[in-house]
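The values are calculated or read from the model by the stated rules, or taken from the named source; none is laboratory data. No experiment lies behind these values; they were computed from the predicted model shown. Cβ placement follows ideal geometry from the backbone for every residue including glycine, while neighbour counts extend to all protein chains displayed.
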């Protein structure tokens, strides 16, 4: 039995800003359920963690962490959730903030977290065989392990490091003057973390890790090219022998339309009537015409450029000429927010825009939608195409990254599980939407069979968990 420690900046249900939280909240449980390894998670104790969990945390102890010249308090708490032990590292100066990320001192905050994650291991009596770090917030845990702890403390000498890139766009880039003062690294470590005359924490983790993974096989190939690498293709190609991709999954119990208490009515492939009640319930809530005879298209996304929203902006007025309804949920760049608000104002009986993010509201939209549009320019894995399928909303996707790995076009024989387009263009996107809408109008019986078919696709963690177990076995 291996001891495996996940180091991550977020995890559901405690604190999450996106897909990373979904993964860390569900993958360790799946691994503990199908394998013999002991997988645990360590994360910051954010002020956003609710009292319903915080009040049940068990105090383990405390220590002081040396971060360059700083001697900083670190409290340690633990809690078992779905068979997984979670450890929470407490320091209110760093983690009692208004948000998880985006603070002026994120570099220092997560340097403390990564140093503390290693420092507390003897206290919690869990020196892992494998340290599995996720995204740039945890990158320094790999660097510290290999450049500091493994070299100076025999307890850490045999610990292997795996680093997972969830989105290569976010790399942890800082000025080289922070090397010693903030990160506590030595001058001879500069070559490990320096890239383009800056400190690049993602690059440092790639260099130091024993294995590097991404969250889908196609994305692992894509980031070897300048088009997708955000400048790191030279590094990734140099270390491509470490690189592999494993497709994410979703928590099928959390996203379960037959039991979900947040949606307007429950339904399943065998009892599908509740799907119509979900649609009418959402239409009523959003003051859309309560029509069952019109296809409802949903977009749930961060409103940022790589999500393909420029295509929707180019095609929005053209799409509104069709007899469809469109619901957009998300927040992000002001240009996208303003456009989608203006689209809803111009077509009040066809389009509603909700500039917010609310997980319960998103599930109500998934369960009501007939089609789900996801035209991302790049998508490391994507979970929305899997979640919408679970709720009977047929995906319309651009063939990239994990979207390509998880959704295949129905083609002429109806063999796939969605509608796809290969070229990144508004024209191609509209073509796929129109194909789907035409089928919806001309053959409702076939479309309902397609909805039930996508609901049955197994996007659980079962297969992915087995792939991770195979990866861990390489370090026997």
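I'd like to know if the range 95-113 contains one or more residues that are surrounded by fewer than 23 Cβ atoms within 10 Å (Cβ to Cβ) and part of a strand (DSSP E or B).
For the range 95-113, residues surrounded by fewer than 23 Cβ atoms within 10 Å (Cβ to Cβ) and part of a strand (DSSP E or B): absent.
Output the residue which, of all residues in the range 320-339 that are under 29 Å from the mean Cα position of the chain (by Cα) and touching a residue at least 40 places away in the same chain (Cβ under 8 Å), is surrounded by the most Cβ atoms within 10 Å (Cβ to Cβ).
325
Which ranges mark the helices (runs of 4 or more DSSP H) fully within the range 315-393 that have 3 or more residues being out of contact with any helix residue (DSSP H, G or I) (no Cβ under 8 Å at 6 or more places or on another chain)? Lay out the reasoning, then the answer.
Numbers: elements: 334-346, 359-368, 384-390.
Correct list: 334-346, 359-368.
Of the residues that sit in the range 154-181 and are in a strand (DSSP E or B) and more than 14 Å from residue 7 (Cα to Cα), which one is nearest to the chain's Cα centre (by Cα)? Quick ask: steps written out before the conclusion?
If we filter the range 154-181 for residues that are in a strand (DSSP E or B), which is where we start, we get 160-165, 173-174.
Then keep just the ones that are more than 14 Å from residue 7 (Cα to Cα); that gives 173-174.
Details: 173: 21, 174: 24 Å.
Among those residues, the one meeting the criterion is 173.
Any idea how many residues of the range 92-111 are more than 20 Å from residue 20 (Cα to Cα) and in contact (Cβ under 8 Å) with a residue 40 or more places away in the chain?
Adding up the residues that qualify gives 4.
Before we move on, is residue 374 in contact with a strand residue (DSSP E or B) (Cβ under 6 Å, 6 or more places away or on another chain) and crowded, with 21+ Cβ neighbours inside 10 Å?
So residue 374 passes the test.
With 121, 145, 131, 140 as the choices, which residue is surrounded by 18 or more Cβ atoms within 10 Å (Cβ to Cβ) and farther than 17 Å from residue 4 by Cβ?
Exactly one of 121, 145, 131, 140 is surrounded by 18 or more Cβ atoms within 10 Å (Cβ to Cβ) and farther than 17 Å from residue 4 by Cβ, namely 140.
Mind checking whether some residue in the range 237-246 is at positive phi and surrounded by fewer than 22 Cβ atoms within 10 Å (Cβ to Cβ)?
No - not one qualifying residue is present in the range 237-246.
Quick check, is residue 404 modelled with pLDDT of 95 or more, crowded, with 16+ Cβ neighbours inside 10 Å, assigned to a helix (DSSP H, G or I) and outside the structural domain of residue 311 (by TED's automatic domain parsing)?
No, not satisfied.
Go through the range 407-419 and report how many residues are buried (at least 24 other Cβ atoms within 10 Å of the Cβ) and over 15 Å from residue 216 (Cα atoms).
Summing the residues that are buried (at least 24 other Cβ atoms within 10 Å of the Cβ) and over 15 Å from residue 216 (Cα atoms) in the range 407-419 gives 2.
Would the range 262-281 turn up any residue that is buried (at least 17 other Cβ atoms within 10 Å of the Cβ), touching a strand residue (DSSP E or B) at 6+ places or on another chain (Cβ under 7 Å) and in the same structural domain as residue 436 (by TED's automatic domain parsing)?
yes
Do the conditions hold for residue 204, that is, is it at pLDDT 95 or above, at positive phi and touching a strand residue (DSSP E or B) at 6+ places or on another chain (Cβ under 9 Å)?
no
Taking the range 25-78 as the region of interest, how many residues are in contact with a strand residue (DSSP E or B) (Cβ under 9 Å, 6 or more places away or on another chain) and either on the phi > 0 side of the Ramachandran plot or not assigned by TED's automatic domain parsing to the domain that holds residue 122 (or both)?
Residues in the range 25-78 being in contact with a strand residue (DSSP E or B) (Cβ under 9 Å, 6 or more places away or on another chain) and either on the phi > 0 side of the Ramachandran plot or not assigned by TED's automatic domain parsing to the domain that holds residue 122 (or both): 1 in total.
Restricting to the range 409-436, give me the number of residues that are part of a loop (DSSP other than H, G, I, E, B), under 18 Å from residue 377 (Cα atoms) and touching a strand residue (DSSP E or B) at 6+ places or on another chain (Cβ under 7 Å).
The total comes to 1.
Which residue out of 185, 202, 190 is touching a residue at least 12 places away in the same chain (Cβ under 8 Å), assigned to a helix (DSSP H, G or I) and crowded, with 20+ Cβ neighbours inside 10 Å?
Of 185, 202, 190, the one residue that is touching a residue at least 12 places away in the same chain (Cβ under 8 Å), assigned to a helix (DSSP H, G or I) and crowded, with 20+ Cβ neighbours inside 10 Å is 202.
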